[in-house]
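The values are calculated or read from the model by the stated rules, or taken from the named source; none is laboratory data. Treat the numbers as computed from the prediction; the structure is a model and nothing was measured. Positions of Cβ are generated from backbone atoms using ideal geometry, with glycine treated the same way; all protein chains shown enter the neighbour counts.
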Amino acid sequence: MTKTKIAPSLLAADFGNLQRDIEMVESSVADWHHIDVMDGVFVPNISYGMPVIKAIQKYATKPLDVHLMIIDPDRYIDTFAELGASSLTVHYEACTHLHRTVQAIKAKGMKAGVALNPHTNINLLEDIINDVDVVLIMSVNPGFGGQSFIENTYEKIRALKELIKRKNASALIEIDGGVTAKNARQLTAAGADILVAGSFIFKSENPVQTILDLKIEADGN
């Protein structure tokens, strides 16, 4: 059984052929659909809104892994629950009352995730790690696809894995940004459980095969 989850980032999909790209992910060995929501305030870019996510949900049967790169995410927790998000990830840097936000997400039946920007220290999660289902480490600066991977990420994954073990927590570690078949094995060796990949998958000649390659590399098969 393969253990690493692969979550293709639909931000890199062809929006003129969104149904086709969702069906491609559905037919592949990918585990989740990763959906980045950006507001142009928390990050310098705007992605898709609720109508597009509604359209995605129509064709997706695999879990929707929604990553909110927005300020004041609490306003939209109910909305994303209604849109069928399986997991909802908010940014540590965007939440004044992170514990309350995490509890509100879980109360709606979703997995609660917390994302950290590249400059944010793992130790800040010390008091909340037992309440969180997923920690998403940004391995590029959030806001734009196609950036190159930040090498310090491996160190961060190891530190996070230590914290999870020390606290006897069960949070999964998700990596987002610059993930390819070249660094997949190194990421999982450091402790990553979920790999998000966008342009690496959708810009490849055979995305279904690329997803499979990524999974094989990640699991060290």
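Results, tabulated for the structure shown:
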item: Which listed residue is of a type outside the set (Lys, Arg), under 16 Å from VAL135 (Cβ atoms) and surrounded by 19 or more Cβ atoms within 10 Å (Cβ to Cβ), from LEU64, LEU11, LEU98; result: LEU98
item: Residue within segment 78-97 that is in contact with a Ser or Thr (Cβ under 8 Å, 6 or more places away or on another chain), touching a residue at least 40 places away in the same chain (Cβ under 8 Å) and of a type in the set (A, V, I, L, M) present; result: no
item: Selection within segment 14-48 - surrounded by 18 or more Cβ atoms within 10 Å (Cβ to Cβ), among the charged types (D, E, K, R) and assigned to a helix (DSSP H, G or I); result: ASP21
item: Residue that is among the hydroxyl-bearing types (Ser, Thr, Tyr), in contact with a strand residue (DSSP E or B) (Cβ under 7 Å, 6 or more places away or on another chain) and closer than 17 Å to VAL114 by Cα, where the choices are SER47, SER86; result: SER86
item: Yes/no for ALA107 being touching a Pro at 6+ places or on another chain (Cβ under 7 Å), more than 16 Å from VAL134 (Cβ to Cβ), at pLDDT 95 or above and not basic (Lys, Arg); result: no
item: Lone qualifier among ALA181, ALA169, ALA112 - being outside any helix (DSSP H, G or I), farther than 19 Å from HIS67 by Cα and either touching a residue at least 40 places away in the same chain (Cβ under 8 Å) or within 14 Å of the chain's Cα centre (by Cα) (or both); result: ALA169
item: Single condition LEU68 does not satisfy, out of (1) of a type in the set (A, V, I, L, M); (2) touching an Asp or Glu at 6+ places or on another chain (Cβ under 7 Å); (3) assigned to a strand (DSSP E or B); result: (2)
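Residue-wise test of (1) part of a loop (DSSP other than H, G, I, E, B); (2) out of contact with any helix residue (DSSP H, G or I) (no Cβ under 6 Å at 6 or more places or on another chain).
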| residue | (1), (2) |
| --- | --- |
| HIS99 | no, yes |
| ASN130 | no, yes |
| ASN141 | yes, yes |
| ILE150 | yes, yes |
| ILE157 | no, no |
| LYS161 | no, yes |
